[in-house]
Amino acid sequence: MTDRSKDKIVEGAPALLPDELRRALADLPDWRLAEDGKSICREWRFKNFRQAAQLANLAAWQAEAAGHHPDIAFGWGHARVTYATHSAGGVTMNDLIMAARLDTALG
């Protein structure tokens, strides 16, 4: 298992090839690949709105610090974070790094 949480975000990273992406996602078992193969996402369930908002804020602060931003959706009892690199037209190593960082922060 590879821990990418300490890897650096690289500007201009290319989209990963499908086989590379599938192998890399094995290290992030809670994340799933979108049907079109252009993004990864993870969903959480909570007992209240506060916990969902806290997760959304954590993902947002990490994104600002790294300069790599996900789509974040949350509401009462749920949150979803989706990573994709629009400029690359798919999922890059940067997206996997950010997913690993969020997993690490959540414990």
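The values are calculated or read from the model by the stated rules, or taken from the named source; none is laboratory data. Note that this is a predicted model, so its numbers are computed, not measured. Cβ coordinates were reconstructed from backbone atoms using ideal geometry, including for glycine residues, and neighbour counts include every protein chain displayed. When the accessible area is computed, the model is the full protein with side chains, heavy atoms only, and any ligands, DNA or RNA have been set aside. Shrake-Rupley method; radii C 1.70, N 1.55, O 1.52, S 1.80 Å.
Data for the structure
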| read-out | value |
| --- | --- |
| Residue list for region 38-51, restricted to those being over 16 Å from the mean Cα position of the chain (by Cα) and either of a type outside the set (S, T, N, Q) or within 18 Å of Ala99 (Cβ to Cβ) (or both) | Arg45, Phe46, Lys47, Phe49, Arg50 |
| Trp31 vs. criteria of a type in the set (Phe, Trp, Tyr), closer than 13 Å to Ile97 by Cα and either modelled with pLDDT of 95 or more or out of contact with any strand residue (DSSP E or B) (no Cβ under 7 Å at 6 or more places or on another chain) (or both) | yes |
| Residue ranges of strands (runs of 3 or more DSSP E) in region 1-85 with at least 3 members in contact (Cβ under 8 Å) with a residue 40 or more places away in the chain and in contact with a Pro (Cβ under 9 Å, 6 or more places away or on another chain) | 78-83 |
| Qualifying positions in region 11-29 - of a type outside the set (Asp, Glu), open to solvent by 80 Å² or more (accessible area, probe 1.4 Å) and within 28 Å of Glu64 (Cβ to Cβ) | Pro14, Pro29 |
